[in-house]
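Since the structure comes first, as structure tokens, the remarks are kept for the end.
The numbers here are math on the coordinates, done by the rules we state, and not lab data. Keep in mind it's a predicted model, so treat the numbers as computed, not measured. Cβ atoms come from the backbone with ideal geometry, glycine included; neighbour counts cover every protein chain shown.
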Amino acid sequence: MISPFIVKFDQLSLGKHEFAFKVDKTLFEGNGNEDVLDASFDIKLELYKTGNVMDMKFLYSGDFILSCDRCNDAVTIPVKEESELIAKFGQLEHENLGELIVLEDHEFEIDLGPYIYESLSLVIPVRHIHEEKDCNPEILKKLKGIEEENTSDYTDPRWQKLKEL
């Protein structure tokens, strides 16, 4: 399958160029990320091409839909993020040096899909939950019931024996 994130830079003149991409959950499914239930992002790319360097600035704007860690219902996580990538032409073979990519002189296009996936994956919060008032009330009742059971006066006899030592 041909990536929709390929930029053919050999046809570009020197200077500023703008591109727009749309991202949905298929980018995450294709990379084995099952945590993202849905995604909808608009990505704007400003590419500045000089003789042997391309400076790329990305603006990500959209939403993730993930499972709430507390009630397991869908929660929407809005994202507005910026990132930067620099591509330099040289003799190294696609060596990734953080935000610097070295491309061979004979290359004429770059697939930005892996970079976009990585950038968006890094902005997913570690903990994704609703505000408590928005969580599923039935699940919250069950969780409070479990919490009350765990805070009762019951003491495990094994711990009691250890306290006597």
Across all Cα atoms of the stretch 6-134, Rg and the largest Cα-Cα distance (Dmax), in Å, are 17.1, 57
Under 20 Å Cα to Cα from residue 25, which lysines show up? Leave out anything in the same chain fewer than 8 places away. 44, 80
What's the FRET efficiency of residue 160 with residue 72 using the Cβ-Cβ distance as r and R₀ = 30 Å, to the nearest 0.05? 0.25
Using a cut-off of 27 Å between alpha-carbon atoms, which lysines can reach residue 142, once sequence neighbours fewer than 8 places away in the same chain are excluded? 133
Report the one residue of 7, 87, 45 whose Cα lies farthest in the direction of the positive end of the charge dipole of the stretch 6-134 (charges on C-beta: Lys and Arg +1, Asp and Glu -1; origin at the Cα centre). 45
Please find the FRET efficiency linking residue 20 to residue 91, where r is the Cβ-Cβ separation and R0 is fixed at 30 Å, and quote it to the nearest 0.05. 0.40
Hey, which aspartates and glutamates would be in cross-link range of residue 141, C-alpha to C-alpha under 20 Å, not counting anything within fewer than 8 residues on its own chain? 69, 73, 131, 132, 149
